[in-house]
Amino acid sequence: MATVREGDRTVLLVVDVQVGVMAEAWDAGRAIGRVARTVERARAQGVPVLWVQHASEELPSGSAPWQWVPDLAPVPGEPLIHKQFNSSFEQTTLEDELRRLGATRIVLAGASSNWCIRATAYAALERGYDLTLVSDAHTTGSMELDDGVTIAPENVIRELNIAMTWLSYPDRKNSTATAEDVAFNTAA
């Protein structure tokens, strides 16, 4: 059974907005701009911003593809979470950071929609956090299936946005909002 969090502290979680990830992402410039706007708004309102950075064979730690995109970077004091799995919670310090900050609600943005954003969103809800997905601040690349079918990234993004409004968890709230419309200091 999930633990439902007491309180009302919101954090912004920025996932995998890295050079190598965004190089293959659909409409990356727009998505990076929307993530940057979300970060700017969170900082202006005193909302903690946490940064998740993925490492793998394709994104070796310290390599050029592993770096943050030029338009986005943590500022001193913002927590950095390093991960090796799709979910930002698996074998990372994220939960410790959220506990330290007294977080009860996560606003989520970044990449890739169908992998790390989806896995992190579900993991947050399963762990008892309220969640708002920034609907215009996440992206992914095309999915080429073995049978020759291609799933367009805009369809993946749209489907995840729909899922985040239709899901139902006991005593938790999930929603979507645009980068301009996220209400950081209210419930999901």
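Bear in mind these aren't lab numbers, they're just calculated from the coordinates by the rules spelled out. Source: prediction; values computed, not measured. When we count neighbours, we look across all protein chains shown, and the Cβ atoms used for this are built from the backbone with ideal geometry, even at glycine.
Would you mind checking which residues have amide H under 5 Å from LEU133's amide H? H placed 1.01 Å from N; only 5 or more apart, or other chain.
LEU108, SER175, THR176, ALA177
As a check on your grasp of the helix formula, calculate [θ] at 222 nm for the chain: sum -39500 (n - 2.57) over DSSP H runs of n ≥ 4, divide by the residue count, round to the nearest 500.
That comes out to -8000 deg cm²/dmol.
What spacing in nm lies between the two simple spin-label points modelled at ASP181 and THR93, each 7 Å away from Cα in the Cβ direction?
Result for the modelled spin labels: 3.6 nm.
Give me the distance in nm between label points sitting 7 Å out from Cα along the Cα-to-Cβ direction at ILE162 and ALA55, one decimal.
Label at ILE162, label at ALA55, 3.9 nm between them.
Between THR93 and residues 5 or more places away or on another chain, which pairs have amide H atoms under 5 Å apart, with H built 1.01 Å from N, and which residues are they?
Counting only residues 5 or more places away or on other chains, the set is HIS82.
Residue by residue, what Karplus-based ³J(HN,Hα) values in Hz, rounded to whole numbers, does segment 144-158 have, using 6.51, -1.76 and 1.60 with θ = phi - 60° and x for Gly and Pro?
Here the 3J(HN,Hα) series is 9, 8, 4, 8, x, 6, 10, 9, 5, x, 5, 6, 4, 4, 4 Hz.
Name the GluC sites (Glu not before Pro) in segment 101-185 that are in a loop by DSSP and that have at most 12 other C-beta atoms within 10 Å, would you?
Counting only loop positions with at most 12 other Cβ atoms within 10 Å, the GluC sites (Glu not before Pro) in segment 101-185 are GLU180.
Taking 0.36 nm per intervening residue step and subtracting the Cα-Cα distance, what contour gain separates ARG43 from LEU101 on full extension?
Working it through step by step, the gained length comes to 19.4 nm.
HN-Hα J couplings of segment 72-79 from phi, Karplus 6.51/-1.76/1.60, θ = phi - 60°, integer Hz, Gly and Pro as x?
With the stated coefficients, segment 72-79 comes to 9, 6, x, 9, x, x, 7, x Hz.
Hey, what did the chain get for relative contact order, percent, Cα under 8 Å, at least 6 apart?
The value is 28 percent.
List the residues of segment 1-37 whose backbone N lies under 15 Å from a point placed 7 Å from the Cα of MET143 along the Cα-to-Cβ direction.
26
Give me the base-10 log of I(q)/I(0) for segment 9-177 at each q in 0.13, 0.16, 0.20 Å⁻¹, Debye formula, one uniform scatterer per Cα, rounded to two decimals.
For segment 9-177 at q = 0.13, 0.16, 0.20 Å⁻¹, log10 I(q)/I(0) is -0.57, -0.89, -1.43.
Step through the residues of segment 103-119 one at a time and calculate ³J(HN,Hα) from phi using the Karplus curve (6.51 cos²θ - 1.76 cosθ + 1.60, θ = phi - 60°), rounding each to whole Hz and writing x for Gly and Pro.
Result, ordered by residue: 6, 10, 9, 10, 9, 10, 8, x, 8, 8, 3, 7, 10, 6, 5, 4, 4 Hz.
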